[in-house]
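The values are calculated or read from the model by the stated rules, or taken from the named source; none is laboratory data. Just so it is clear, the structure is predicted and the values come from calculations on it, not from any experiment. Cβ: placed from backbone, ideal geometry, glycine included. Neighbour counts: every protein chain shown.
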Amino acid sequence: MEMGGMDFFVSALKNILATREKAGEASIDATSTLVEMMKKVRSDPVYRKLKISENVVLAQGWEFFVAGYVGIRDLFDFFMYEMASNPEVQDRVHSEIKTAARGHLGTSLEDISQLPFLSACIEETGRLHPVFIRPERVCNKDWTFEGLSIPKGMQVIFPMAAIHRNPEYFPNPDQFEPSRFLGGKKEMDPYAYMTFGHGPRSCIGQRFALEMLKVLVVSFLARFKMERRSDTICETNPGGSLMLNFKPLFLDIVKR
């Protein structure tokens with residue numbers, strides 16, 4: 001991003017945090033977390049000792065925004081590709097949206113939570129096309145399990161594409177089957193599906209990305225449908241380190 005854009009973002013975020021703090025609103029969201037961090041920057045000796053400054057807090061807001069935006073962009077592209085490639089699934093998603101709309105469906109969190117099949121399709125899209133292809137962690141102590149040993153300090157890489165297509169956890173792993181997620185993920189091994197990572201250091205923009213993606217899809221598929229073209233092909237470029245880097249994806253957008 002150019003410096004002008006960064007300056008705008010920082011200024012806007014400062015205004016948002018100041019407004020929220022002045023209003024004294026008690027919300028459980030990322031903005032409230034940043035407000036509390038800003039308060040600690042001014043008064044907490046631990047923050048001073050760790051050199052956590054105002055800029056460090058603002059950087060967390062920036063990371064939240066970027067992580068969420070990138071997640072939305074890539075998942076939206078692949079979601080529409082899967083809709084075009086599976087027209088019967090697209091019809092079912094549209095029917096669910098249309099049925100919910102009769103009850104005056106809006107775009108609040110409560111409204112979009114009424115669309116379980118859409119949610120399952122998004123989860124399945126994330127399984128087949130994980131946004132983060134190789135999250136990494138550094139082992140902070142010597143670890144051994146069932147004959148596998150990882151020494152302290154070793155970098156561990158998680159091959160998401162291979163994990164998400166493991167037939168032990170996902171029968172017919174290369175097929176787009178949203179029904180896998182219709183019952184939720186409670187019965188699923190938590191490490192078999194990690195589109196946004198797992199644990200306390202999972203993607204900070206996960207909730208933002210998923211909620212905004214649902215809003216986009218509802219607004220889009222209510223008015224348009226996706227169709228494949230003769231040149232539609234889903235190919236990624238080699239060399240991506242953390243994020244997917246894919247070639248142009250061509251689809252037709254048809255007004256309903």
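Structure above, values below:
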| quantity | calculated |
| --- | --- |
| Some residue of the range 78-87 being farther than 24 Å from Ile233 by Cα, out of contact with any strand residue (DSSP E or B) (no Cβ under 6 Å at 6 or more places or on another chain) and of a type in the set (S, T, N, Q) | no |
| Filter result (on the phi < 0 side of the Ramachandran plot and loosely packed, with under 13 Cβ neighbours inside 10 Å) within the range 123-148 | Glu136, Val138, Asn140, Lys141, Asp142, Thr144, Phe145, Leu148 |
| Boolean, Asp44 is within 21 Å of Phe208 (Cβ to Cβ), free of Cβ contacts under 8 Å to residues at least 24 places away in the same chain and not hydroxyl-bearing (Ser, Thr, Tyr) | no |
| Residues of the range 75-87 that turn out to be crowded, with 22+ Cβ neighbours inside 10 Å and either at pLDDT below 90 or of a type in the set (Ser, Thr, Tyr) (or both), as a count | 2 |
| Extreme residue, modelled with the lowest pLDDT, among residues of the range 101-122 that are in a helix (DSSP H, G or I) and crowded, with 18+ Cβ neighbours inside 10 Å | Ile112 |
| The range 191-220, residues that are aliphatic (A, V, I, L, M) and within 30 Å of Thr99 (Cα to Cα) | Ala209, Leu210, Met212, Leu213, Val215, Leu216, Val217, Val218 |
| Qualifying positions in the range 173-194 - polar (S, T, N, Q) and touching an Asp or Glu at 6+ places or on another chain (Cβ under 8 Å) | none |
| Among the residues listed as Pro171, Pro159, Pro151, the single one being surrounded by fewer than 14 Cβ atoms within 10 Å (Cβ to Cβ), closer than 19 Å to Thr125 by Cβ and more than 21 Å from the chain's Cα centre (by Cα) | Pro171 |
| Any hit, the range 204-213, residues being more than 17 Å from the chain's Cα centre (by Cα) and either surrounded by fewer than 20 Cβ atoms within 10 Å (Cβ to Cβ) or within 23 Å of Tyr69 (Cα to Cα) (or both) | no |
| Residues within the range 165-207 that are hydrophobic (A, V, I, L, M, F, W, C), modelled with pLDDT under 80 and either touching a strand residue (DSSP E or B) at 6+ places or on another chain (Cβ under 6 Å) or within 18 Å of Phe78 (Cα to Cα) (or both), tallied | 2 |
| Test: Lys141 is more than 28 Å from Phe246 (Cβ to Cβ) and not in a helix (DSSP H, G or I) | yes |
